[in-house]
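**Student:** Here you go, one structure.
The values are calculated or read from the model by the stated rules, or taken from the named source; none is laboratory data. Nothing here was measured: the structure is a model prediction, and the numbers come from that model. Ideal geometry is used to build each Cβ from the backbone, glycine not excepted, and the neighbour counts take in all protein chains shown. These area figures cover heavy atoms from the full protein model, side chains too; ligands, DNA and RNA do not enter into them. Shrake-Rupley method; radii C 1.70, N 1.55, O 1.52, S 1.80 Å.
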Amino acid sequence: MAEPNLTERQQKYFASLQASLKRDTGKSLPEWVAIARTCPEAGHRARLKWLKDNHGLLQNHGSHVLSEAFGTEMSWREPEKLLEALWTDPASKAIFEAVDVTARRQGEAIQTARKGYTAWSRKVQFAAARPIRGGKLMLGLALATDASSRLEASRNDGWSERVKSRTLLSAPAEADAELEALLRAAWGRS
């Protein structure tokens, strides 16, 4: 089934990940789920480590198994919940909404909600945003920093490695014509 909040490339990746589990590990998803449910750890990261240390299951397959075994409070399949949990500060949310409208105006753009940030993609990710304390928003773009004096190098922001630059936004009005042109340029490269 097609997921409306994933690009075609992301959908193919998840289908491939699921299809390769038995081939790569020798065990089916139900077998891995049964193993995962014996894990004595409670948190996602601790369970991933346990699966790797005790069973050799690496992060991508491990995360897939854990989501099936334990579910999650919120997942990419429930973008509204992720957005609600991420954008709690009214000032940051207002900036996000302005950026979201601008990002989606670029043509075919898919918004993908994550726990720590929201991303926009066409075929691949071209922009990402996360709230910053004090009612601000950090916007990352798949552009070099020399595209605008507003941009600086992205630093450990936790989003796609394609996102090379970022800019701090303090108000919805900063989602202006210049920012729209930057989003359009990043979109064009995706």
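**Student:** Can you confirm whether the stretch 64-87 contains a residue that is at pLDDT 75 or above, of a type in the set (Phe, Trp, Tyr), more than 20 Å from Gly116 (Cα to Cα) and open to solvent by less than 30 Å² (accessible area, probe 1.4 Å)?
**Tutor:** No, the stretch 64-87 contains no residue that is at pLDDT 75 or above, of a type in the set (Phe, Trp, Tyr), more than 20 Å from Gly116 (Cα to Cα) and open to solvent by less than 30 Å² (accessible area, probe 1.4 Å).
**Student:** Among the candidates Ser148, Ser165, which residue alone is modelled with pLDDT of 95 or more, of a type outside the set (A, V, I, L, M, F, W, C), touching a helix residue (DSSP H, G or I) at 6+ places or on another chain (Cβ under 9 Å) and closer than 18 Å to Ser121 by Cα?
**Tutor:** Ser165
**Student:** Oh, and also: Among the residues of the stretch 172-190, write down those that are within 14 Å of Ala129 (Cβ to Cβ) and in a loop (DSSP other than H, G, I, E, B).
**Tutor:** Selection gives Ala175 alone.
**Student:** Another question, then. Within the group Gly134, Gly140, which residue is part of a loop (DSSP other than H, G, I, E, B) and closer than 23 Å to Pro90 by Cα?
**Tutor:** Result: Gly134 is the single residue among Gly134, Gly140 that is part of a loop (DSSP other than H, G, I, E, B) and closer than 23 Å to Pro90 by Cα.
**Student:** Related question: Among what's in the stretch 94-115 and is touching a residue at least 24 places away in the same chain (Cβ under 8 Å) and open to solvent by 60 Å² or more (accessible area, probe 1.4 Å), pick the residue that is nearest to Met138 (Cα to Cα).
**Tutor:** Only one residue fits best here, namely Glu97.
**Student:** Follow-up question, since we're still on this one. May I ask you to list the residues in the stretch 142-171 that are open to solvent by 70 Å² or more (accessible area, probe 1.4 Å), under 15 Å from Pro131 (Cα atoms) and of a type in the set (S, T, N, Q)?
**Tutor:** Asn156
**Student:** Out of (1) out of contact with any Pro (no Cβ under 6 Å at 6 or more places or on another chain); (2) at pLDDT below 90, what's the single condition that is false for Asn5?
**Tutor:** Answer for Asn5: the failing condition is (1).
**Student:** Among (1) open to solvent by 20 Å² or more (accessible area, probe 1.4 Å); (2) farther than 16 Å from Gln125 by Cα, there is one condition Leu179 misses while meeting the rest; what is its number?
**Tutor:** All conditions are met except number (1).
**Student:** Also, I was wondering about something else. Identify, by number, the condition in (1) part of a loop (DSSP other than H, G, I, E, B); (2) under 14 Å from the mean Cα position of the chain (by Cα) that Ala128 doesn't meet.
**Tutor:** Going through (1) part of a loop (DSSP other than H, G, I, E, B); (2) under 14 Å from the mean Cα position of the chain (by Cα) one by one, Ala128 breaks only (1).
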